[in-house]
Amino acid sequence: MTGHTLQYLREADVVFGIGCSFTRHGMAASIPAGKTLIHATNDERDLNKNYAADYPLLGDARLVLRQFIEAVKSQGGRPAGRENVRAELERVRAAWLAEWAAALGSKEVPINPYRVIAEFMRTVNPRDAIVTHDSGSPRDQLLPFYRAVSPRSYLGWASRMHSAPGSAHHRRQARRPDKFCVNFMGDAAFGMTGLDFETAVRCGTPILTVVLNNSAMAIEIPHLVVSHDKYGARDIGGRYADLGRAMGGWSERVEQPEDIAGAFARARKATESGQAALLEFITSQETRFSNRGALR
């Protein structure tokens, strides 16, 4: 999670969950004890499932939020000190980003995956994009840093290592054909469902698949110690740009950090011409994540 999310979850008196399940899970932030919990959801099965809600609300998020807004207006409108809160939030966010500046701007080779994410955000206007990811390292690296600014423009998953290509394909084909639809995958995820790229080629769906290839299941390094020492269980490999090209798509393999931005621009141009595109970035086995497990 972001640094400001961590700070405010720790300091908040009230936690208001809107349209979420509040499921207690190893891949989700825990809610610290001692909070007043407001839980608004349209699924009664999630109410009081893992956390006892002080104020459970069953209803559509849009309708519930409208009622809240009207209630606040009836009590005098905006609370005092709102701008001070906004300024404090930006200060905390800037301090957190400063801790990650070296990774986000890294010139190391193999490429640091955070540099790939940073260059993507600099190159692509989030208003023009729909972004999703698979689980594993790409999820935990992208999730804290990518800032979606439009509804339904970011699809985040907890543990689905088979979903990203299909999700991007669906969003482009059925929902928003005007958007730049991008799915981020690791090489392990591509090994499971990478051939779905052929579906995009065959159907003429111009999505971009980004493969962060570190030749390993890096996020599993702490968990596969014995099996890796005996059998090399974490080691994987391949030239996925070549595979994407063989399946009929546009593809490019990127090994230098200074080439990242240009590669994204070329890939987007390929999708605008109607081609499914694949970018393979050769990355380091980065295992640092922003506040992963900080509230567990």
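Readers should treat all values here as calculations from the given coordinates under stated rules, not as data from a laboratory. Note that the coordinates shown come from a computational prediction; the quantities given were computed from them, not determined experimentally. As a convention, Cβ positions derive from the backbone with ideal geometry for all residues, glycine included, and neighbour counts pool all protein chains shown.
Using the Karplus curve 6.51 cos²θ - 1.76 cosθ + 1.60 with θ = phi - 60°, work out ³J(HN,Hα) for each residue of the range 201-209 in order, rounded to whole Hz, and write x for Gly and Pro.
4, 5, 8, x, 9, x, 9, 10, 9
List the residues whose amide H sits under 5 Å from the amide H of Ala53, counting only those 5 or more places along or on another chain, with H placed 1.01 Å from N in the peptide plane.
Asn48
So how much slack lies between Arg78 and Leu65, counting 0.36 nm per residue of separation and subtracting their Cα-Cα distance, in nm? List each step's numbers first, then the result.
Details: separation 13, 0.36 × 13 = 4.68 nm, distance 1.49 nm.
Residue separation times 0.36 nm, minus the Cα-Cα distance, leaves 3.2 nm.
Taking the Cα centre of the chain as origin, work out the dipole magnitude from +1 charges on Lys and Arg Cβ and -1 charges on Asp and Glu Cβ, in debye rounded to 20. Walk me through the intermediate numbers first.
Numbers: 38 positive and 32 negative charges, 143 e Å.
That gives a dipole near 680 debye.
Which ³J(HN,Hα) values in Hz, rounded to whole numbers, follow from the phi angles of the range 54-64 under the Karplus curve 6.51 cos²θ - 1.76 cosθ + 1.60, where θ = phi - 60° and Gly and Pro get x?
5, 9, x, 10, 9, x, 5, 4, 4, 5, 5
Hey, what did the chain get for relative contact order, percent, Cα under 8 Å, at least 6 apart? Write down the numbers at each step before the final one.
On the way: 497 pairs, mean separation 56.2, N = 296.
Relative contact order, the chain: 19 percent.
Which lysines have a Cα less than 22 Å from the Cα of Lys35, not counting those fewer than 8 places away in the same chain?
Hits, sequence-local ones excluded: Lys49.
So what is the calculated 222 nm ellipticity per residue for the chain, using -39500 (n - 2.57) for each DSSP H run with n of 4 or more, over all residues, to the nearest 500 deg cm²/dmol? Display every interim value, and only then the final one.
Values: 12 runs with 111 residues, N = 296.
So the calculated ellipticity at 222 nm is -10500 deg cm²/dmol.
Using the Cα centre as the reference, give the magnitude of the dipole from point charges on the C-beta atoms of the range 3-94 (Lys, Arg: +1; Asp, Glu: -1; all else neutral), rounded to the nearest 20 debye. Could you put the intermediate results ahead of the total?
Values: 13 positive and 11 negative charges, 38 e Å.
So the dipole magnitude of the range 3-94 works out to roughly 180 debye.
Taking +1 at the Cβ of each Lys and Arg and -1 at the Cβ of each Asp and Glu, which of Val201, Asn183, Tyr55 sits farthest along the dipole of the chain towards its positive end, judged by Cα position relative to the Cα centre?
Tyr55
Share of antiparallel DSSP beta bridges in the chain, in percent to the nearest 5? Don't jump to the answer; show the numbers that get you there.
Working: 1 of 34 bridges.
Taking every DSSP beta bridge with both residues in the chain, the antiparallel ones total about 5 percent.
Determine the relative contact order of the range 3-94: mean sequence separation of Cα pairs under 8 Å and six or more apart, normalised by residue count, in whole percent.
Working: 93 pairs, mean separation 23.7, N = 92.
Relative CO of the range 3-94 lands at 26 percent.
Take Lys35, Lys179 and order them by how many other Cβ atoms sit within 10 Å, fewest up front. Spell out each step's value before the answer.
Values: Lys35 16, Lys179 19.
Result, fewest neighbours first: Lys35, Lys179.
So which lysines can Lys107 reach, going by Cα to Cα under 26 Å and dropping same-chain residues fewer than 8 places off?
Of all the lysines, those that pass the test against Lys107 - Cα under 26 Å, at least 8 places apart if same chain - are Lys269.
Under a plain spin-label model, where a point goes 7 Å from the Cα along Cα-to-Cβ, how far apart in nm are Cys20 and Arg239?
4.5 nm
Which angle from 0 to 90°, rounded to the nearest 10, does the C-alpha axis of helix 82-99 make with the longest principal axis of the chain?
30 degrees
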